[in-house]
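Following: one structure in structure tokens, then a few remarks.
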Amino acid sequence: MSVIGSALTGFAITIWLTTGLYPEPSQRGELAWALSAFNLAYAIPVVFGAPIAGAFVDRHDRKRTMVLMDLLNGCVSFLTVALIAVHQLTVPWLMVIAVLSSIFGSFHNAAFDTAYAMLVPESKLPRANGMMQTIWALSGVLAPSVAAMLISLPMLARNGQLPSFVSFLGQINDGALLAIGIDGVTFLFAALVPLFLFIPSPVRNDMKTESGETKSIWVDIKEGILYIWHRRSFLWLLGTFTVVNFVGGVQILVPLIVKFQLAADWIVHGLQIETAMALITTAASIGGLLGGVFITAWGGLKRLRVYGVLAPMIIEGLMTMLFGFSNLIYVSCLITGIGAAMGPLINSHSQTIWQTQTPRELQGRVFSVRRLIAQFSWPASSILMGLLASRFEPGYILVALGSILVVWCTIGLFNPYLRKVEDREWIEAKAAERTAASVQ
């Protein structure tokens, strides 16, 4: 419920920026920068706060962490609703909201990602990861159409097109606050559910230094960094995700492509921009849902899982290129769906590699450092996309970045470090050598 609620907010904010704050074609550059600023405000805390969040959840009760962060994010949703209601929501305020939501989400996700790995047997982790990917995709299937409906309700009520018992909706100045308000309620539900569940946290026996002092959180962060640094296969895997996440920054250009590059076609089909955006988003979510169901049923590769990461990445890069070329709304939907279907395959295989190779008491620290390394290109991409979109056609940008992804991942298929990423004995032997060399 909470994931669906958050997807409602994401869609509502995009529509609010596109049709409310910057509705004119002449405002394309301003819209591009607003989308970039919002994504950047969310990305920076997620990426650079991740190591702190990871070290925190390795030290504290993960259930309590999830409950508290959901409550705080619910408060952020209600703050957003209040600002819309009094006509005070601006891009600077939106950035503040994004930063807060990002910080709370980072701590929640650090606890959540490591918690369910302790509840599921190792042999079932690939299917569990597939199910998690399915949840995210399912939210995308439902959220766009629900959000579009909620956004349109106040206008329909004012025009007398709704039953009289809901005519009070006509007094709402912006339908976006309905979607975001529901998100706030779902955060409250998400905070309540764990109270009735047993969610274990690992027992740590390494909280003291050799001198008997309690380890600081910065020591924990350093341990997570060194764990990855001494295992170069993991670094190469993260480097690949760094490229993918940089290319993923083109997602902020999708509203621009829909509004300008695809406009002639969706107008011919009698669509509004909200509907066109919903079609693209829903197509991506359906693709992601099908990919998630497939990986859940299949269970993924049992060995050489890195190929289950790289091959879908190549397909995703090709779809990014084709999307940049497309001028047809329904063709773009098909391309988007195929590309999105690759996401669950990529993430499920990658997550399983990390979960099976990393000791559970280290997963909070290691996974969060992993997120920092893999996603630090995301903020840079958000800035660059805003700069490029104000000067070049968004479609050309997608073609260029999709090409980079295809070339990088094709080379990765022959990388010996990546091919040995699941050879624990070899990796640990190399790690021991590097650790010994660093001590000398």
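Derivation of every value follows stated rules applied to the coordinates shown; laboratory data play no part. Every value quoted in this text rests on a predicted model; they were computed, and no experiment measured them. Backbone-built Cβ (ideal geometry, glycine too); neighbour counts: all protein chains shown.
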Under the Karplus relation 6.51 cos²θ - 1.76 cosθ + 1.60, θ = phi - 60°, what is the ordered set of whole-Hz ³J(HN,Hα) values for the range 25-30, x standing for Gly and Pro? x, 5, 9, 4, x, 5
Among Ala278, Ala41, Ala157, which one shows the biggest mean-square fluctuation in a GNM of the chain, springs joining Cα atoms closer than 10 Å? Ala157
Evaluate the distance, in nm, between pseudo-label points positioned 7 Å from the Cα of Ile404 and of Ser123 along their respective Cα→Cβ axes. 4.3 nm
Running a GNM on the chain with Cα contacts under 10 Å, which residue among Pro200, Pro144, Pro45 ends up with the highest mean-square fluctuation? Pro200
For the range 219-235 and the range 406-426, what is the separation of their Cα centres, given in Å? 18 Å
For the range 296-338 the trypsin sites (Lys or Arg not before Pro) that pass both the DSSP coil test and the at-most-15 other-Cβ-within-10 Å test are Lys302, Arg303
Residue by residue, what Karplus-based ³J(HN,Hα) values in Hz, rounded to whole numbers, does the range 295-303 have, using 6.51, -1.76 and 1.60 with θ = phi - 60° and x for Gly and Pro? 5, 5, 5, 6, x, x, 5, 8, 9
Can you give me the angle between helix 2-15 and the longest principal axis of the chain, using Cα atoms only, in degrees from 0 to 90, rounded to the nearest 10? 50 degrees
Could you calculate the contour length gain from Met149 to Tyr307, that is, 0.36 nm times the residue separation minus the distance between their Cα atoms, to one decimal place in nm? 52.8 nm
Helix 62-85 vs. the chain, principal-axis angle (Cα, 0 to 90°, nearest 10): 20 degrees
Mind giving me the nanometre distance, one decimal, between the label points for Ile217 and Ile411, set 7 Å out from Cα along Cα→Cβ? 3.8 nm
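Starting from 0.36 nm per residue, how many nanometres of slack lie between Ala429 and Phe260 once their C-alpha separation is accounted for?
Details: separation 169, 0.36 × 169 = 60.84 nm, distance 5.44 nm.
Using 0.36 nm per residue and subtracting the Cα-Cα distance, I get 55.4 nm.
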Work out the FRET efficiency for Glu393 and Leu235 from their Cβ-Cβ distance, taking R0 = 51 Å, and round it to the nearest 0.05. 0.90
Residues in the range 227-244 near a label at Thr356, defined as backbone nitrogen under 16 Å from the 7 Å Cα→Cβ point? 234
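Working out 0.36 nm times the residue gap between Phe165 and Val91, then minus their Cα-Cα distance, what length gain in nm do you get to one decimal?
Working: separation 74, 0.36 × 74 = 26.64 nm, distance 3.48 nm.
Between Phe165 and Val91, full extension yields an extra 23.2 nm.
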Top mean-square fluctuation among Thr214, Thr296, Thr320, Gaussian network model of the chain, C-alpha springs under 10 Å? Thr214
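Please go through the residue pairs Lys124/Lys420; Lys215/Lys430; Lys215/Lys420 and name each one whose alpha carbons sit more than 24 Å apart in this structure. Display every interim value, and only then the final one.
Values: Lys124/Lys420 22 Å; Lys215/Lys430 27 Å; Lys215/Lys420 33 Å.
In this structure, Lys215/Lys430; Lys215/Lys420 exceed 24 Å between Cα atoms.
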Rounded to the nearest 500, the 222 nm mean residue ellipticity computed for the chain from DSSP H runs (n ≥ 4, each -39500 (n - 2.57)) alone is -25000 deg cm²/dmol
Measuring from the longest principal axis of the C-alpha atoms of the chain, the long axis of helix 91-119 (C-alpha) lies at a number of degrees, nearest 10, equal to 40 degrees
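Do any trypsin sites (Lys or Arg not before Pro) in the range 374-440 lie in a loop, going by DSSP, with at most 13 other beta-carbon atoms within 10 Å of their beta carbon, and if so which?
Details: sites: Arg391, Arg419, Lys420, Arg424, Lys430, Arg434; in loops: Arg391, Lys420.
Within the range 374-440, the qualifying trypsin sites (Lys or Arg not before Pro) (loop, at most 13 other Cβ atoms within 10 Å) are Arg391.
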